[in-house]
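Chemist: Take a look at the following structure, please.
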Amino acid sequence: MNITIAGEGGQGVQTIAEILANAAFLSNLNVSYLPQFGVEQRGAPSVAFISVALKNQSTELKFDQSDIVVILRDRAIIEVKNQISPNTMVIYDSSTIKLSSLPKNTGNLIGFKATDISVERSLGKSYNILILGFISRFMPSLNRESLLDSVNKVLGDKINENSKIKNLNDTAFECGATAKVSEKNDRNTKYAIDLTDIKDSKNGKELLIIPSECKGCLICAYKCPVKAITVSDRFGYFGNLVPKVDLEQCTACGICNLFCPDTAIKITKK
Amino acid sequence: MNNSLMPKSYKLESKPHLFCPGCGHAMILKHLGFFIDERKLVDKISFVIDIGCSLLAWNFYDVSTVQAHHGRSIPVATGIKFADPENPVIAYTGDGGAYAIGLQSLIHAAYRNDPITVIVVNNTNYAMTGGQMAPTTIVGEKTTTSPSGKNIKYGDHFLGPELVKKTANKSAYLTRTSVSNPNNFKKVFGRAIDNNQSGNFSMIEILSLCPTNWKTNAEASFSTLTSFEKLYPLGEIKAER
C-alpha cells in the first residue's frame, strides 16, 4: 500500500510518517519512508511517501500512484495531484480545504473536520496525532497497539520533557479514531483562509493589504513611525497573521510600503 | 494574486516568491525591480544568480536570467558582457558565493575591470544550507557551526570591498549599503550600472537580514543589522590600483 501525506511545513507531516513507518515495522510488515523536504521554512509544502508491504513482498521507495493521499492544507494539493487516480482514497481536512480545490478524478474523497476538532478539544500541536488516529482506520494492517507504541517512541524526548503531551496525544488519537466523516454536501470550511484583498478608506487615506502575498513578517508594524500597524486575526498565504492599520493614526508616510518584502501593503493619500 | 504594488518587471508566475518572511533578498529585489522598470532595462539587462538563497530569484523577473554554479555567477556575467557589450549585466550573489567559494572570481573580475555589476547580499551566514558560519560571520555570532559564538581565531568579519579595492582599477565603483536604508538603492544601482557603461567594474555589498537563521523577529532583525553596521562601514570604498 502506498501512502502520500502532504501539508504545510510545521503541521507534523514527517512525524506522522515516521510513526506510521514505525508501526508498520512493529506490525511485522516491510516499510519504506521517503521524506521530501527542503524549503518548508521558505513556504513550500512538506510531503512524505510511505510504502507498506507484506513480509514476503517488497516496498516501492518512490512511487507514481498512491492508494491513500492525505492532504492537510490546500497549498499542498499541487505536490500530490499526480499521485491521485480514480482508485485513490483522498483523506483531507475539510475544515480548511474546500471540496472544490480537490482534483476531480478522485475515487474516494474522505473529509473530516480536523482543525475544527483540534480547536474544540484544544489539541494544539497534537493535531498531527489526531490525523494519525483518523488515517489508522483505513490501514487495518497496522494494529492499534503498535501505533500507540510508535507515538510514544517517536515523540519520546518531547514526552520526557513534558508529560502532559502523552495525554494530549492519547486524546488526539482517540478523537481521530472516532471522528465523523464529513458529509459530501457540507460546504462549511470554517478555517479556510480568506485571501481576498483588505481595503479600507478613512480621513482621505486608502489602505490596501494583500493577504495572498503577505508572509506576516510584520516588518511594517515594526517600522511604522506612529505605531499605526498591529497584527490582525486574518491569515495570509502561508498561514501567518497579516497586519492591520489604524487609518486615524496613519500619516501615509510610505515607510511600510518601502520596506515590505512582499509588495503586500500600501496606504495612499487621496 | 494582486500585482498592483509589484514592479512591472516582476514575473507573476513566481509570486508569491519563495524567500522567507522578512528576507532581505526580497526587499532588495523589489527595489531592483523598480530600478529596472524606471531605466527601461527589462529587455536589456542580464541577471546572473548564484547558488544559495540568491537562487530563489530564479524566474523572479521577466528578464534574461542565468543560474550559475556556486561562486561562478561573476565569471558567467563577464562572459555574457563580452558576448553582448552594449547591455548591462548583474551578478547577484550572497556573501558565501562572493567571499568564500567565489572569492577568486570576484578578485579577478575586479582586476580585469570587467564592466559588470556585482551585488553581494551579506547576511553573515551560509543561509540556504541552514545557517553555517561564513567568513562574514561576526565574532561571537552563533551559527550552526559556531554554536557558542564565532571564535576570533577564524577571523573577525570579512570585509569584501576593502579587499577588492586592492586589485580593482581606480575607476571601479565599490560601495557598501544596507537594507536599513532602501531609499539608497536607486542611487547605488544607478551609479554601478553607469560605471559599467563607461567600461568599469562595479560592486555593491548590501548588508541584509536573515530572520530564519538569525532566529529573529522584525525588531530583533533590524537591531542585529544595526549592530553589524557598526562593524561593516557603509558608504563608498575607493578602489586603489
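Chemist: Please verify whether segment A:70-91 includes one or more residues that are at pLDDT below 95, farther than 30 Å from B:A127 by Cα, among the basic types (K, R) and surrounded by fewer than 22 Cβ atoms within 10 Å (Cβ to Cβ).
Modeler: There is at least one residue in segment A:70-91 that is at pLDDT below 95, farther than 30 Å from B:A127 by Cα, among the basic types (K, R) and surrounded by fewer than 22 Cβ atoms within 10 Å (Cβ to Cβ).
Chemist: Here are the criteria: (1) farther than 21 Å from B:C210 by Cβ; (2) at the interface with chain A (Cβ under 8 Å from one of its Cβ atoms); (3) in contact with a strand residue (DSSP E or B) (Cβ under 9 Å, 6 or more places away or on another chain); (4) surrounded by 18 or more Cβ atoms within 10 Å (Cβ to Cβ). Tell me which single one B:V48 does not satisfy.
Modeler: (2)
Chemist: Restricting segment A:249-270 to residues that are part of a strand (DSSP E or B) and of a type in the set (A, V, I, L, M, F, W, C), which is farthest from the other protein chains (Cβ to nearest Cβ)?
Modeler: Per the stated criteria, the residue is A:I267.
Chemist: Of all helices (runs of 4 or more DSSP H) completely enclosed by segment A:105-192, which ones contain at least 3 residues that are touching a residue at least 12 places away in the same chain (Cβ under 8 Å)?
Modeler: Ranges flagged: A:114-120, A:127-136, A:144-154, A:164-178.
Chemist: In segment A:175-222, how many are within 13 Å of chain B (Cβ to nearest Cβ), over 17 Å from A:F238 (Cα atoms) and among the acidic types (D, E)?
Modeler: So the count comes out to 1.
Chemist: Sticking with this one: With respect to the numbered conditions (1) among the hydrophobic types (A, V, I, L, M, F, W, C); (2) within 14 Å of chain A (Cβ to nearest Cβ); (3) surrounded by fewer than 21 Cβ atoms within 10 Å (Cβ to Cβ); (4) free of Cβ contacts under 8 Å to residues at least 60 places away in the same chain, which one is the sole condition not fulfilled by B:V42?
Modeler: (2)
Chemist: For segment B:49-78, which residues satisfy the criterion of being under 18 Å from B:Y10 (Cα atoms) and outside any helix (DSSP H, G or I)?
Modeler: Hits for segment B:49-78 are B:I49, B:W58, B:N59, B:F60, B:Y61, B:D62, B:V63, B:S64, B:T65, B:V66, B:Q67.
Chemist: Let me ask something additional. Tell me the residue from B:A83, B:A68 that is without any contact (Cβ under 8 Å) to a residue 40 or more places away in the chain, within 30 Å of B:N213 (Cα to Cα) and hydrophobic (A, V, I, L, M, F, W, C), please.
Modeler: Checking each option against the conditions leaves just B:A68.
Chemist: With the structure loaded, tell me whether B:T129 is in a strand (DSSP E or B), in contact with a helix residue (DSSP H, G or I) (Cβ under 9 Å, 6 or more places away or on another chain) and surrounded by fewer than 22 Cβ atoms within 10 Å (Cβ to Cβ) or whether it fails that test.
Modeler: It is false that B:T129 is in a strand (DSSP E or B), in contact with a helix residue (DSSP H, G or I) (Cβ under 9 Å, 6 or more places away or on another chain) and surrounded by fewer than 22 Cβ atoms within 10 Å (Cβ to Cβ).
Chemist: Taking strands (runs of 3 or more DSSP E) that fall entirely within segment B:152-241, which contain at least 1 residues that are touching a residue at least 60 places away in the same chain (Cβ under 8 Å) and of a type in the set (S, T, Y)?
Modeler: The strands (runs of 3 or more DSSP E) meeting that bar are B:173-178, B:202-207.
Chemist: Considering only residues that are buried (at least 21 other Cβ atoms within 10 Å of the Cβ), among the aliphatic types (A, V, I, L, M) and in a strand (DSSP E or B), which ones fall in segment A:209-248?
Modeler: Correct list: A:I209, A:I229, A:V242, A:V245.
Chemist: Something else about it: Restricting to segment B:1-34, name every residue that is of a type in the set (G, A, S), more than 18 Å from B:V179 (Cβ to Cβ) and facing chain A (nearest Cβ under 8 Å).
Modeler: Answer for segment B:1-34, where residues must be of a type in the set (G, A, S), more than 18 Å from B:V179 (Cβ to Cβ) and facing chain A (nearest Cβ under 8 Å): just B:S4.
Chemist: For segment B:195-220, what are the residues that are buried (at least 24 other Cβ atoms within 10 Å of the Cβ) and of a type in the set (S, T, N, Q)?
Modeler: Within segment B:195-220, B:S202, B:S208 meet the criteria.
Chemist: Restrict the check to segment A:233-240 and report whether at least one residue is at pLDDT 95 or above and more than 8 Å from chain B (Cβ to nearest Cβ).
Modeler: No, the conditions are met nowhere in segment A:233-240.
The values are calculated or read from the model by the stated rules, or taken from the named source; none is laboratory data. Since the model is a prediction, treat every value here as computed from it, not as a measurement. Positions of Cβ are backbone-derived with ideal geometry, glycine not excepted, and every protein chain shown enters the neighbour counts.
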